[in-house]
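Taking it in order: structure first as structure tokens, then the write-up.
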Amino acid sequence: MQKNSSPVRCTDEASIAAAVTFLRQGKLVAFPTETVYGLGADAENGEAVASVFSAKGRPAHNPLIVHILETRMAERYAEWNDTAARLAENFWPGPLTLVLNRREDCPASALVSPNRATIALRVPAHPVARLLLKGLGRGIAAPSANRSGRVSPTRAEHVEEDFRHGTGGPALILDGGPAEAGIESTVIDCTNVQPAILREGFVSREQIQGIISLSSESASARAESKSPGNLASHYAPSLPLRLNAASPQPGEAFLAFGPVAVTNAPGRLNLSEAGDIKEAAANLYAMLRLLDRPGEYEGIGVMPIPAQGLGAALNDRLRRAAAPKEPQ
Ligand code: TXA
Ligand code: MG
């Protein structure tokens, strides 16, 4: 096995205790969540939070989500309100992030959301994430554990790949196996009179609308003013993507969806032969990483995916993965 600077460990008690110690020391720890792997820092330690930005190469204006153990903790960090309470009751612990106004006496470092009066909070469901939060007793600021702009990690080895070269990566990677959801949390602006989606994610618009009424504003419209980290090009492999592809072109790798005859030939993968959108979400990032081989292919063709429900988030990620790369 190739040696690298971020040891990978299983998620036994001793490894989790070691991870908590690293967090207390201001170091970074990569850990599994139910959506994707996170690159965690003690949210109340400014230097640790700053090192998340440098490790990822993340633009300073793109704020971080603070993960917390339970709703009660949200009230220490943010101005809580009825909309947030209803969403939390229905979707926490789980893949939903609420953007709220920061409390004046919020103990989190201001660096989690530089130059903003808001803070994004999420209570994760993954048992390993919960053990870390319990051990630390404070919030954990954690973006997805990939280098900025790249495909999010759904397995420990993806984190290893991204931080193998260079310095400043996680002191430890906790390997909790493949992430179950495979796509990030839905981010909702809860600071306004009329809440709106800032980033499509694993909880669908339809599910949220079953609980509260959402602004009809598109995620991109509200995100432009509220979430400047929402870049057109993001979640991107290095090869160009061709969306709504019916079949592969010569020289292209191909990502199918649904019951099509995809042979076992190299460079041909199927997100879900059964046409199951949840299965496709769980596979998307890992399969994009597998097909992203610039030496072998010129691009990746991707078949159309239905846009309803969870499909909206998948299509959002594919559009960003296909967008021309911009300087960050
Ligand atoms: O599922 C997830 O959300 C994963 C896991 C690790 O929890 N985390 C994740 O974090 O995807 P990240 O940093 O890759 O994406 C966070 C998103 C970004 O689009 C960011 O702009 C937005 O949340 N965000 C964070 N704080 C915000 C704030 N105060 N106001 C508006 N948007 C915010
Ligand atoms: Mg990310």
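The values are calculated or read from the model by the stated rules, or taken from the named source; none is laboratory data. Every value quoted in this text rests on a predicted model; they were computed, and no experiment measured them. Here Cβ is always computed from backbone atoms with ideal geometry, including for glycine, and neighbour counts include all displayed protein chains. Remember, those area values only see protein heavy atoms, side chains included, never the ligands or the DNA or RNA. Shrake-Rupley method; radii C 1.70, N 1.55, O 1.52, S 1.80 Å.
There is at least one residue in the range 61-76 that is open to solvent by less than 20 Å² (accessible area, probe 1.4 Å), more than 11 Å from A145 (Cα to Cα) and free of Cβ contacts under 8 Å to residues at least 60 places away in the same chain. Checking A78, A50, A30, A43 one by one, the residue that is within 15 Å of ligand 1 (Cβ to nearest atom), within 15 Å of C190 (Cβ to Cβ), touching a Ser or Thr at 6+ places or on another chain (Cβ under 9 Å) and small (G, A, S) is A78 and no other. Looking at the range 27-132, the strands (runs of 3 or more DSSP E) lying wholly inside it that each contain 1 or more residues that are within 16 Å of ligand 2 (Cβ to nearest atom) and farther than 20 Å from F163 by Cβ sit at 65-67, 96-101, 118-122. Within the range 117-167, the residues that satisfy the criterion of being open to solvent by 30 Å² or more (accessible area, probe 1.4 Å), among the basic types (K, R) and within 12 Å of ligand 1 (Cβ to nearest atom) are R147, R150. Kindly evaluate K226 against the criterion of being open to solvent by 20 Å² or more (accessible area, probe 1.4 Å), away from ligand 2 (no atom under 16 Å from the Cβ) and at pLDDT 95 or above. No; evaluated as a whole, the condition is false for this residue. Are any residues in the range 159-184 assigned to a loop (DSSP other than H, G, I, E, B) and within 16 Å of ligand 2 (Cβ to nearest atom), and if so, which ones? Those that are assigned to a loop (DSSP other than H, G, I, E, B) and within 16 Å of ligand 2 (Cβ to nearest atom): G169, P170, A179, A181, G182, I183, E184.
Only residues that are surrounded by 14 or more Cβ atoms within 10 Å (Cβ to Cβ) and in a helix (DSSP H, G or I): list them for the range 197-219, please.
Of the range 197-219, the ones surrounded by 14 or more Cβ atoms within 10 Å (Cβ to Cβ) are 197-205, 207-208, 211-212, 214-215, 217, 219.
Those that are surrounded by 14 or more Cβ atoms within 10 Å (Cβ to Cβ) and in a helix (DSSP H, G or I): R205, Q207, I208, A219.
When restricted to residues that are buried (at least 18 other Cβ atoms within 10 Å of the Cβ) and out of contact with any Pro (no Cβ under 6 Å at 6 or more places or on another chain), the range 40-50 contains 7. Scanning the range 246-280 for residues that are open to solvent by less than 20 Å² (accessible area, probe 1.4 Å), touching a Ser or Thr at 6+ places or on another chain (Cβ under 8 Å) and part of a loop (DSSP other than H, G, I, E, B) returns a single hit, G258. Failed condition for R150, given (1) more than 13 Å from ligand 2 (Cβ to nearest atom); (2) in contact with a helix residue (DSSP H, G or I) (Cβ under 7 Å, 6 or more places away or on another chain), with all others met? Here R150 clears every test but (1). Looking across S272, S233, one residue alone is at pLDDT below 95 and out of contact with any strand residue (DSSP E or B) (no Cβ under 6 Å at 6 or more places or on another chain). It is S233. Of the residues making up the range 170-184, those that are farther than 30 Å from R86 by Cβ and either hydroxyl-bearing (S, T, Y) or surrounded by 24 or more Cβ atoms within 10 Å (Cβ to Cβ) (or both) are P170, I173, L174.
Each residue in the range 185-196 was checked for being within 16 Å of ligand 2 (Cβ to nearest atom) and open to solvent by less than 10 Å² (accessible area, probe 1.4 Å), and 2 pass. Of all the listed residues (G299, G311, G295), the sole one being surrounded by fewer than 17 Cβ atoms within 10 Å (Cβ to Cβ) and of a type in the set (G, A, S) is G295.
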